[in-house]
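Worksheet: one structure, shown below.
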């Protein structure tokens, strides 16, 4: 009887353990099937596959696959220049005002020239070539207009160099990448000839890079600083014509005498200038020609005499 009770207890414990194991397996299988992304394997994923850590990803390959971020739109690059002609009763004072306005805007004067004329019809003029920051272009131009009495001519020109600047940057990036490739090739060169050939190619690429960088700096300078050409002149003088008939007659007579005197002096100058030509070229040619002509005439005369004698004898 005791043996039968002990057997029943052992059987009950075994049955309880088997049921727990079956429930655990069922729960595990249920968990695996609920994992998203396992449908591609037809439900073959197991709990062991979940316990394994993910395989490390190749960072270089991943970096190559990462798309480059799109660059923000490039700001428009405009080259702005102006030519302006002014009239002022005092060009020197106007020049001083313009110079002060340019310095206040952070610019500078590149060239400056001044010309003065004598007489009532002459006009004094001052020419200036200045450069100012592009953001102060309009303000400086307004100050220049205020510095004179009147604006005669004003011309403003603008050139969009954005496309060229973007192209220059693209070519520069390509040349720098090519330079790095040549450097890597040079490191792997096995012979001196290969190294020299790569060095030649590398030198050409670097020269091209310097040229492109120079063009880029030029475009940046032209867009950062605007050029203004200024010309300041005194107002044109208009005098009333109050000359009488007698004054005009005397002036016309004086002009006629001056013309006649100039004509005579011109003839004298021509004669003096042509005299050496007559003495050293024309005169020798004339004497030589005359000598041969006389000699020919003498031969002709002798021939006529002989012919006459022969005719008389017959």
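Before moving on, here are some points about what is shown:
- Conditions (1) surrounded by 13 or more Cβ atoms within 10 Å (Cβ to Cβ); (2) part of a helix (DSSP H, G or I): number failed by residue 189: (2)
- Output for region 79-120, where each listed residue is on the phi > 0 side of the Ramachandran plot and free of Cβ contacts under 8 Å to residues at least 24 places away in the same chain: 119
- Selected residue (criterion: modelled with the lowest pLDDT) from residues of region 112-134 that are in contact with a strand residue (DSSP E or B) (Cβ under 9 Å, 6 or more places away or on another chain) and surrounded by fewer than 13 Cβ atoms within 10 Å (Cβ to Cβ): 117
- Test: residue in region 231-239 that is without any contact (Cβ under 8 Å) to a residue 24 or more places away in the chain, outside any strand (DSSP E or B) and under 27 Å from residue 161 (Cβ atoms): no
- Checking every residue in region 65-85 against the condition of being under 14 Å from residue 128 (Cβ atoms), at pLDDT 50 or above and either assigned to a loop (DSSP other than H, G, I, E, B) or touching a helix residue (DSSP H, G or I) at 6+ places or on another chain (Cβ under 8 Å) (or both) gives at least one match.
- Every listed requirement among (1) touching a strand residue (DSSP E or B) at 6+ places or on another chain (Cβ under 9 Å); (2) not in a helix (DSSP H, G or I) is met by residue 219 save one, (2).
- Residues within region 144-171 that are surrounded by fewer than 17 Cβ atoms within 10 Å (Cβ to Cβ) and either touching a residue at least 12 places away in the same chain (Cβ under 8 Å) or closer than 30 Å to residue 100 by Cβ (or both), tallied: 19
- Residue that is more than 30 Å from residue 99 (Cα to Cα) and touching a helix residue (DSSP H, G or I) at 6+ places or on another chain (Cβ under 9 Å), where the choices are 264, 272, 209, 281: 209
- Per the conditions (1) more than 30 Å from residue 87 (Cα to Cα); (2) surrounded by 12 or more Cβ atoms within 10 Å (Cβ to Cβ), the sole criterion not satisfied by residue 229 is (1).
The values are calculated or read from the model by the stated rules, or taken from the named source; none is laboratory data. Please read these numbers as outputs of a predicted model, since none were measured by experiment. Cβ sites come from the backbone with ideal geometry, for glycine too, and all protein chains shown count toward neighbours.
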